[in-house]
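Student: Before we start, here is the structure in question, set down as structure tokens.
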Amino acid sequence: MAERLDVSRLSELWQRQWPQGPPVGHELRTAYSDRWVRFHSLPRSKRYPETEDEYGIVLHRYNTVLDELFHGTEVHVLTVAWSWEPHGVHLPEERHAVHSESSLWSSLAFEDDPDPEFHTYTHFYVDRRPWRYGTVDAILRAVADDTLHGVIITDTEMRRLHHPYDGGADLILPTPEERDLLRNRHSAWLSESPEGV
């Protein structure tokens, strides 16, 4: 069972470890590109699994890297919901189904557009749990199916970030050296693109 979290401590910790931005995966990979690596979830960079065997490969790749990062520790699991109003219905509904024991950590307002109809709100939910291989498979499968976005799995000190997306995972590690070691261990899972995407 997930424990209740000190959300103010989480916010302070995030600011200390990742001062260049909020917990938004695609923004972090740009801000911390010197420590970033991307792994693809399927051979030949196929984006979506179509068979149970392919789901097995996707989950194996996600869990293998997660286990290397977090074996024997606890992790924070962060999921994201969106709404059109500050306290409106949070979408997608699938987020609650796979992350029901999470607590609301914080919300961000995107109100740049002068028309209030186009304002959106991003809500970050988090839990803390012991890491075990397979412990987040329901979340990872929803990510692979493109029904859940913005997931981040991190250690309790928020030093290592694993951001799965439909098609792979972006990782940001404490140092370029640690990133290089992980990248070299799983070089068969890298993109063939020179930019690594």
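The values are calculated or read from the model by the stated rules, or taken from the named source; none is laboratory data. In this text, all values refer to a predicted model and were calculated from it rather than measured experimentally. Cβ atoms come from the backbone with ideal geometry, glycine included; neighbour counts cover every protein chain shown. The area values use the complete protein model at the heavy-atom level, side chains included, leaving out ligands, DNA and RNA. Shrake-Rupley method; radii C 1.70, N 1.55, O 1.52, S 1.80 Å.
Student: So residue 143 passes all but one of these: (1) surrounded by fewer than 18 Cβ atoms within 10 Å (Cβ to Cβ); (2) at pLDDT 95 or above. Which condition number does it fail?
Tutor: If we test residue 143 against (1) surrounded by fewer than 18 Cβ atoms within 10 Å (Cβ to Cβ); (2) at pLDDT 95 or above, just (1) comes out false.
Student: Could I ask something else about it? Which is acidic (Asp, Glu), under 18 Å from the mean Cα position of the chain (by Cα) and not in a strand (DSSP E or B), of 27, 12, 54?
Tutor: 27
Student: Of all the residues that make up the stretch 57-85, how many are under 16 Å from the mean Cα position of the chain (by Cα) and assigned to a strand (DSSP E or B)?
Tutor: 9
Student: So is residue 94 surrounded by 15 or more Cβ atoms within 10 Å (Cβ to Cβ), of a type in the set (D, E, K, R) and under 18 Å from residue 150 (Cβ atoms) or not?
Tutor: yes
Student: Something else about it: Which residue pairs have Cβ atoms under 8 Å apart, sit 6 or more places apart or on different chains, and have a first residue in the stretch 170-185 that is within 9 Å of residue 36 (Cα to Cα) and a second that is of a type in the set (Gly, Ala, Ser)?
Tutor: Listed by first residue and then by second, the contacts come to 170/25.
Student: Are any of the residues in the stretch 139-158 without any contact (Cβ under 8 Å) to a residue 40 or more places away in the chain and either closer than 22 Å to residue 72 by Cα or in contact with a strand residue (DSSP E or B) (Cβ under 9 Å, 6 or more places away or on another chain) (or both)?
Tutor: Yes - at least one qualifying residue is present in the stretch 139-158.
Student: When the residues of the stretch 30-51 are narrowed to those that are assigned to a helix (DSSP H, G or I) and open to solvent by less than 60 Å² (accessible area, probe 1.4 Å), which ends up farthest from residue 170 (Cα to Cα)?
Tutor: So the residue we want is 43.
Student: Let me ask something else. Which of the following residues is under 30 Å from residue 184 (Cα atoms), surrounded by fewer than 17 Cβ atoms within 10 Å (Cβ to Cβ) and β-branched (Val, Ile, Thr): 79, 64?
Tutor: Step by step, each of 79, 64 is checked, and only 64 is under 30 Å from residue 184 (Cα atoms), surrounded by fewer than 17 Cβ atoms within 10 Å (Cβ to Cβ) and β-branched (Val, Ile, Thr).
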